[in-house]
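Below: the structure, in structure tokens.
The values are calculated or read from the model by the stated rules, or taken from the named source; none is laboratory data. A quick note: this is a predicted structure, and the numbers were derived from the prediction, not measured. Cβ coordinates were reconstructed from backbone atoms using ideal geometry, including for glycine residues, and neighbour counts include every protein chain displayed.
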Amino acid sequence: MLRMLSLLIVLLTICSFTKPSSFYDNPEQDPLPPGPDSAEELHKKWDHEWSFSGISTFAHLKHVKCLSDRDTPFDIGIIGAPFDTAVTYRPGARFGPRAIRAASARQTSFRGFNPRRGLNPFAAQYTILDCGDIPITPFDNALAVQQMSEAFLELGSRSPALIHSRNPKPKLLTLGGDHSIALPALRALNKIYGGPVAVLHFDAHQDTWHPGKYPSAWHSAQSDFTHGSMFWIASNEGLIINGSSVHAGLRSRLTGWDDYDDDDRQGFIRISSDDIDDMGTSGIIATILERIGTELPTYLSLDIDVIDPGLAPGTGTPEAGGWTSREVIRILRGLESLNVVGADIVEVAPAYDGTGEQTALAAAQVGYEILTSWVGRGTAEMERAEAMGGSERGRDEL
Ligand SMILES: *[C@@H]1O[C@H](CO)[C@@H](O)[C@H](O)[C@H]1NC(C)=O
């Protein structure tokens, strides 16, 4: 009896496998299409990416090697600067651009709408491209600075895709790299805008340090260039407007009060990490806007170590007691009215990040907020110009 029962079960099992379940049948779809698809059908079927698929670019943006391709204009270019041979502690930020791109994978044009601003930066009339990386030598910092200065100048001097009077040049968002990449960026902006710019600097450290503050009997001109001295060099070259710049999030140890004297001479005000307890994010936003205003061309430089290392451990010179990712994002959201002409996100060193990519995720979100603000400010200006009597487009193209 038992044998017959098990035979029955075996037979039933075989039957259930030979008859395909209706779950696998799709009556709507012929398994073999009658002929080859048209180009339009191919596009409809396959030209789509999931957040987790595709070759890694920032937010799945189109990749163009902008440096060698002058024929594809853009309004905003994401450019990687994989350089980390000017660091004082942990190296590894050369892998920052890759990590930030990977962590931006859930930013897509089909779900890129930013509710805080009511717009989707990836679906606006601006052309945003991932311009790839600058191929920077890791063997010679003087040459590296030359390569970066020339690359930033080449891209930043182009004509934008969308020409109107308030958008005379494309904007670059640089993914570092260690913080020293800000020096070649400022050198290029100085040429493009014909004068110094204000600097809005988010960081745990001043980075206006006199190069001589690293005690050593050994010295070379080359050794003055570090990721803690680039703003000192830039100030001395007259690249930074004296009296309009801001540090935000400071908390590192100092050599002594004379570090502040040096910093004052370079025309920065200092908002410390602790200030957020007294001022709140709104007080910090107000202080920055009051200092810089909405007209001065401004370079926004964000060192990911402004965020607490508990939340963003993947960085070269971590300092306990920083702002949360939420606070930094909230502050950035309040700064859309600044005239930011270029920006960087630096010091993401993924080797020290967690398996959840928390540092790179924060950096990618910072990038998204900067893009949103750029598109938001530009769109508002275009709408204002149109309301004040016709498009300015024709006039500019003359
Ligand atoms: C900035 O201005 C202050 C005050 O006028 C001056 O002492 C300082 O030398 C200037 N700094 C630079 C780098 O020119």
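Numerical summary
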item: So THR294, is it touching a residue at least 24 places away in the same chain (Cβ under 8 Å), over 21 Å from GLY367 (Cβ atoms), hydroxyl-bearing (Ser, Thr, Tyr) and touching a Ser or Thr at 6+ places or on another chain (Cβ under 9 Å); result: yes
item: Total residues in the stretch 218-228, condition hydroxyl-bearing (Ser, Thr, Tyr) and touching a residue at least 24 places away in the same chain (Cβ under 8 Å); result: 1
item: Test: residue in the stretch 92-106 that is of a type in the set (Ser, Thr, Tyr), out of contact with any strand residue (DSSP E or B) (no Cβ under 8 Å at 6 or more places or on another chain) and touching a residue at least 24 places away in the same chain (Cβ under 8 Å); result: yes
item: Any hit, the stretch 208-224, residues being at pLDDT 95 or above and either within 12 Å of the ligand (Cβ to nearest atom) or under 21 Å from VAL328 (Cα atoms) (or both); result: yes
item: Yes/no for ARG90 being within 30 Å of HIS205 (Cα to Cα) and either assigned to a helix (DSSP H, G or I) or of a type in the set (Phe, Trp, Tyr) (or both); result: no
item: Test: residue in the stretch 263-270 that is more than 16 Å from the ligand (Cβ to nearest atom) and either in contact (Cβ under 8 Å) with a residue 40 or more places away in the chain or surrounded by fewer than 19 Cβ atoms within 10 Å (Cβ to Cβ) (or both); result: no
item: Residue under evaluation ILE284, criteria (1) assigned to a loop (DSSP other than H, G, I, E, B); (2) over 28 Å from PRO97 (Cα atoms); (3) touching a helix residue (DSSP H, G or I) at 6+ places or on another chain (Cβ under 6 Å); (4) of a type in the set (A, V, I, L, M), criterion not met; result: (1)
item: Residue match in the stretch 239-252 (condition: touching a helix residue (DSSP H, G or I) at 6+ places or on another chain (Cβ under 7 Å), within 16 Å of the ligand (Cβ to nearest atom) and not in a loop (DSSP other than H, G, I, E, B)); result: yes
item: For LEU200: the one exception among (1) over 29 Å from GLU327 (Cβ atoms); (2) more than 16 Å from the ligand (Cβ to nearest atom); (3) outside any loop (DSSP other than H, G, I, E, B); result: (1)
item: Any pair with Cβ under 8 angstrom, 6 or more apart, that starts in the stretch 54-66 at a residue that is over 23 Å from PHE152 (Cβ atoms) and ends at one that is charged (D, E, K, R) and surrounded by fewer than 22 Cβ atoms within 10 Å (Cβ to Cβ); result: HIS60/GLU49
item: Flag if THR359 is surrounded by 23 or more Cβ atoms within 10 Å (Cβ to Cβ), in a helix (DSSP H, G or I) and in contact with a Ser or Thr (Cβ under 9 Å, 6 or more places away or on another chain); result: yes
item: Residue within the stretch 283-305 that is surrounded by 19 or more Cβ atoms within 10 Å (Cβ to Cβ), in contact with a Pro (Cβ under 8 Å, 6 or more places away or on another chain), under 28 Å from PRO196 (Cβ atoms) and β-branched (Val, Ile, Thr) present; result: no
item: Per-region count, the stretch 38-68, residues more than 19 Å from ILE134 (Cβ to Cβ), polar (S, T, N, Q) and surrounded by 10 or more Cβ atoms within 10 Å (Cβ to Cβ); result: 1
item: Filtered residues of the stretch 320-347 (kept if touching a Leu at 6+ places or on another chain (Cβ under 8 Å) and assigned to a strand (DSSP E or B)); result: VAL340, VAL341, GLY342, ALA343, ASP344, ILE345, VAL346
item: ILE192 being of a type in the set (A, V, I, L, M, F, W, C), within 24 Å of the chain's Cα centre (by Cα), away from the ligand (no atom under 14 Å from the Cβ) and surrounded by fewer than 24 Cβ atoms within 10 Å (Cβ to Cβ); result: yes
item: Filter pass, GLY256 being within 15 Å of the ligand (Cβ to nearest atom), in a loop (DSSP other than H, G, I, E, B), more than 26 Å from GLY367 (Cα to Cα) and not aromatic (Phe, Trp, Tyr); result: no
item: Selection within the stretch 271-282 - surrounded by fewer than 19 Cβ atoms within 10 Å (Cβ to Cβ) and either within 28 Å of LYS213 (Cα to Cα) or of a type in the set (A, V, I, L, M, F, W, C) (or both); result: SER272, ASP274, ASP275, MET279
